[in-house]
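This report refers to the structure that appears directly beneath it.
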Amino acid sequence: MAAPRTSAKRTATPGLSWEEAPLAPVVLVQGAEGLLVDRAVDRLTQLARAEDPAVEKTEVQAAGYQSGMLSVLTSPSLFAEPRIIVIDGAEATTEALITDMIEYLRAPADEVWLVVAHRGGVRGKKMLDAIKASGAPVVACDPIKKDTDKVAFAAAEFKRGGRRASAGAVRALVEAVGSDLRELAAACSQLMADSERAIDEPAVTKYYGGRVEATGFRVADAAIAGDAGQAVSLLRHALATGADPVPVVAALAMKLRTLAKVAALRGRGLTAGDLGLAPWQVDRARKDLTNWTPEGLATAITATAAADAEVKGGGRDPVFAVERAVLVVAASAGR
């Protein structure tokens, strides 16, 4: 299994997609799109197991790394079993890991595949630069933001699943599900599981066209991004097509609570697990928080809490209440 080890510096080839992630003594998986990071790590694990079904997998969180752990994990075992070691959360790395990683790169261990997953940010740059300079493969997992790229992603999901989907169906799915890539991937998987025929627009409409949760989250996404016009337009469309104000406010409240929780991570040594959040939720919230101040967040949460009480019977006009909350949230972004 083992490839020849060398300490010579080479030029890395960045920009590999998760589908191209190759096994190597050291692989860097880098980017803020959590779904793609997870897929790259899963692919590398599967490749290692295809190479040797007896491969042993060890996962380490970079934030809890202590000096010398890498040496222990990569030391030859009694029976010389091949191993894949995944160091996740390298964006929260300790100084000890940076030091040990730079030393390890000079002579990677035999019978070991080491995967380093860095989910965005500048922390650990010295380590990342050293990994890249060593010639290790770099898998790019950058966020997918443009609708055209999301359409391409969804089309690729259907193709990978061996299913035909019309261009209109793919566009309709992207519009219905919203901006979260994990939701989009899950929706593609669900459609392929539930529909035996080629996937067309009626199939998408059947499963997702009237999904209030998706509409609510799209409204919330636009409001949190500070796009009042888009948020109100989406809200009015949702209400006109039968959406109830209650779940729309609930979606807005959930997004804001997540922002507040992730804001609490800063400087307190807390992890996503401590807050009951998935890593992808933390990734998304961190990006959103770049446009928010504590004062703006407090104003938005207060307005949403008031709207929640009004749409549940405390006010006379629930439609007015939710629209007012959306406008306050959008106006609070960046303040």
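Solvent-accessible surface of the chain, averaged per residue with a 1.4 angstrom probe and all protein chains in place: 49 square angstrom. Which one is right for this structure if Rg/Rh (Cα atoms, Kirkwood Rh) is calculated from it: (i) 0.96; (ii) 1.04; (iii) 1.10? So the calculated entry is the one marked (ii). Against the main long axis of the alpha-carbon atoms of the chain, helix 95-104 sits at an angle near 40°. The mean sequence separation of alpha-carbon pairs under 8 Å and at least six residues apart, normalised by the residue count of the chain, gives a relative contact order of 17 percent.
Given a cut-off of 32 Å, name the pairs among LYS57/LYS206; LYS159/LYS312; LYS145/LYS206; LYS150/LYS255; LYS57/LYS255; LYS159/LYS287 whose C-alpha atoms lie farther apart than that in the structure shown.
On the way: LYS57/LYS206 41 Å; LYS159/LYS312 44 Å; LYS145/LYS206 26 Å; LYS150/LYS255 21 Å; LYS57/LYS255 35 Å; LYS159/LYS287 30 Å.
From the list (LYS57/LYS206; LYS159/LYS312; LYS145/LYS206; LYS150/LYS255; LYS57/LYS255; LYS159/LYS287), the Cα-Cα distance tops 32 Å for LYS57/LYS206; LYS159/LYS312; LYS57/LYS255.
Rounding to the nearest 10 and keeping the result within 0 to 90°, find how far the Cα-based axis of helix 294-309 lies from the longest principal axis of the chain. Computed tilt is about 50 degrees.
For the chain, the carbon plus sulfur part of the accessible surface works out to 53%, probe radius 1.4 Å.
Measuring nothing but how far apart in sequence close Cα pairs (under 8 Å, 6+ apart) lie, relative to its length, the range 147-207 scores a relative contact order of 40 percent. Accessible surface comparison of ARG218, ARG164, probe 1.4 Å, protein chains only, largest first: the order is ARG164, ARG218.
Ranked by solvent-accessible area (1.4 Å probe, protein heavy atoms only, all chains present), the residues GLU196, GLU19, GLU91, GLU183 order from largest to smallest as GLU196, GLU19, GLU183, GLU91. Using a probe of 1.4 Å on the protein chains alone, the accessible area found for THR290 is around 120 Å². Accessible surface of VAL322, taken over heavy atoms with a 1.4 Å probe and every protein chain present, rounds to 0 Å². Rounded to the nearest 10 degrees, the angle from helix 279-289 to the longest Cα principal axis of the chain is 60 degrees. In the range 111-223, the ratio of gyration radius to Kirkwood radius, Rg to Rh, stands at 1.11 when only Cα atoms are counted.
I need the trypsin sites (Lys or Arg not before Pro) found in the range 53-126, filtered to DSSP loop residues with at most 12 other beta carbons within 10 Å of theirs. Numbers along the way, then the final one.
On the way: sites: LYS57, ARG83, ARG106, ARG119, ARG123, LYS125, LYS126; in loops: ARG106, ARG119, ARG123.
Of the trypsin sites (Lys or Arg not before Pro), the ones in loops of the range 53-126 whose Cβ has at most 12 other Cβ atoms within 10 Å are ARG106.
Per-residue SASA remark: ASP147, around 100 Å² accessible (1.4 Å probe; ligands, DNA and RNA not included).
The values are calculated or read from the model by the stated rules, or taken from the named source; none is laboratory data. Please read these numbers as outputs of a predicted model, since none were measured by experiment. Methodologically, a virtual Cβ is constructed for each residue, glycine included, from the backbone with ideal geometry; neighbour enumeration extends over all protein chains shown. Only protein heavy atoms, including side chains, enter the accessible area calculation; ligands, DNA and RNA are left aside. Shrake-Rupley method; radii C 1.70, N 1.55, O 1.52, S 1.80 Å.
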